[in-house]
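Shown next, in structure tokens, is the structure this report addresses.
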Amino acid sequence: MKFFKFLLAGTFFGIVMAQSEAMSWYRIQEMFRFQSFHMYGIIGTAVVLGVIGIFLIKKFNLKDISGQPIEFSPKEPQMIKSILGGTLFGLGWALSGACPGPIVVNVGYGVTSMLVVLFFAVLGTYTYGILRDKLPH
Amino acid sequence: MDFILNPWPWWFSGALISAVMFALIFFGKTFGFSSNLRTICAMTFGRRVKFFDFDWRENTWNLTFLVGAALGGWISYQYMHGGIAVDLSDATLRDLAALGFAAPSGMQPEEVFSWDSLMTLKGFMVLAVGGFLVGFGTRYAGGCTSGHAISGLSNLQLPSLVAVIGFFIGGLVMTHLIFPYLYS
């Protein structure tokens, strides 16, 4: 039962990805061609509300549901891996039309060929794990 | 009711995504979907690699979130969105027509995701290479759209901004420089 709330949050997330059409290859094409505000509006709204909310959480030292203080771990500061990894991710995002969350939402939606994308995404992460020490970070 | 059943506007969708992020924060966790790919490696064939040698059970919550995401997609298809055609902008319709794509008849293009397409070498390679780059790139960058673009930018993380710039460099190169050779 302790995982039920995460199942619920995930289900909610999946519905949002589908109802917003953020899971659609078409919407990703529209975004990378700068021909619609839709995807920018989605991400922009989430980020603006996110910045405000996290500011308030820090300002008022809010606690989580188990009473622990909410702490934010900073991202690893290396810039080379951010730009190189980000660029490779972007190539794949445009090519497959999906980032990791929407890949899984697509499978549930009935786009079964996304299982191929998912399999190769796991393989890609695995390959990174093997090559990690040899890559510039 | 129609508002909920029809495709959602950007402001509504964006607000609900931040609600998901805050729900996970108040549950004591972090919104970052691609960590699941690493966890799946640790669960399966990755244990001999140091990067995957950790107790995957600590991420069971996120795997549960992943199962929910698939369930949400199913609910949307069955009871809400139902696979109606994406209402693309005219400019995108024209660009895609020039690449040989029919106007949308549903959520996803048959040209990319039908099993007929998957059974061709090109069709298979598009999905395989696309997936591989997503999985490799997200772990290299330390996050995907949820971890960097939403969680990271919301917390004003400079590495996340750099990663998101990378997402766009890659996406623009693929869309504008590589697609014309891939599709025509």
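The numbers here are math on the coordinates, done by the rules we state, and not lab data. As the structure is a prediction and not an experimental result, all values here were calculated from the model. Glycine gets a Cβ as well: all are built from the backbone with ideal geometry, and neighbour counts include every protein chain shown.
How would B:W56, A:W93 line up from fewest to most surrounding beta-carbon atoms within 10 angstrom?
Values: B:W56 19, A:W93 30.
Going from least to most buried by this count: B:W56, A:W93.
Over 29 Å between Cα atoms: which of A:K5/A:K75; A:K134/B:K29; B:K29/B:K50; A:K59/A:K134; A:K59/B:K50; A:K58/A:K134 fall into that group? Mind dumping the intermediate values first?
Details: A:K5/A:K75 26 Å; A:K134/B:K29 31 Å; B:K29/B:K50 24 Å; A:K59/A:K134 41 Å; A:K59/B:K50 38 Å; A:K58/A:K134 38 Å.
As for pairs spanning more than 29 Å Cα to Cα, those are A:K134/B:K29; A:K59/A:K134; A:K59/B:K50; A:K58/A:K134.
Could you check the simple spin-label distance between A:L131 and A:I52, using points 7 Å along Cα→Cβ, in nm with one decimal?
4.2
In the P(r) worked out for the range B:22-94, what percent of Cα pairs fall beyond 19 Å?
56
Taking 0.36 nm per residue of separation and subtracting the Cα-Cα distance, what length does fully extending B:M119 through B:W11 add? Don't skip to the answer; put the middle values down first.
Values: separation 108, 0.36 × 108 = 38.88 nm, distance 3.85 nm.
Going from the current span to full extension adds 35.0 nm.
If R₀ is 45 angstrom, what is the calculated FRET efficiency for the pair B:Y183 and B:F27, using the beta carbon separation as r and rounding to 0.05?
E(calc), rounded to 0.05, equals 0.60.
What is the average number of partner chain Cβ atoms found within 10 Å of a Cβ in B:27-40?
Mean number of neighbouring Cβ atoms from other chains: 5.
Taking +1 at the Cβ of each Lys and Arg and -1 at the Cβ of each Asp and Glu, which of B:V173, A:G110, B:L5 sits farthest along the dipole of the protein assembly as shown towards its positive end, judged by Cα position relative to the Cα centre?
My answer, from the dipole projection, is B:V173.
Looking only at other chains, what is the average number of their beta-carbon atoms within 10 angstrom of each beta-carbon in B:107-120?
If you average over the peptide's residues, the count of other-chain Cβ atoms is 4.
Apply the membrane-span-like helix rule to chain A: whole DSSP H runs, Cα extent along the own long axis of at least 24 Å, mean Kyte-Doolittle hydropathy at least 0.5. List the helices found.
A:38-59, A:79-96, A:114-131
Please rank A:Y126, B:Y183, fewest neighbouring Cβ atoms within 10 Å first, as an exposure proxy.
Sorted ascending by nearby Cβ count, the order is B:Y183, A:Y126.
Please state the charge dipole magnitude for chain A, taken about the Cα centre, from unit charges on C-beta atoms (+1 on K and R, -1 on D and E), reported in debye and rounded to the nearest 20.
260
Helix by helix, which DSSP H runs in chain B go 27 Å or more along their axis at the Cα atoms and have an average Kyte-Doolittle hydropathy of -1.0 or more? Could you put the intermediate results ahead of the total?
Numbers: long enough: B:121-141 (29 Å, 1.21).
Sorted by number, the helices that extend far enough and score high enough are B:121-141.
Can you compute the equivalent ellipsoid semi-axes for the range A:1-85, i.e. the square root of 5 times each eigenvalue of the Cα gyration tensor, sorted largest first and rounded to whole Å?
28, 21, 15
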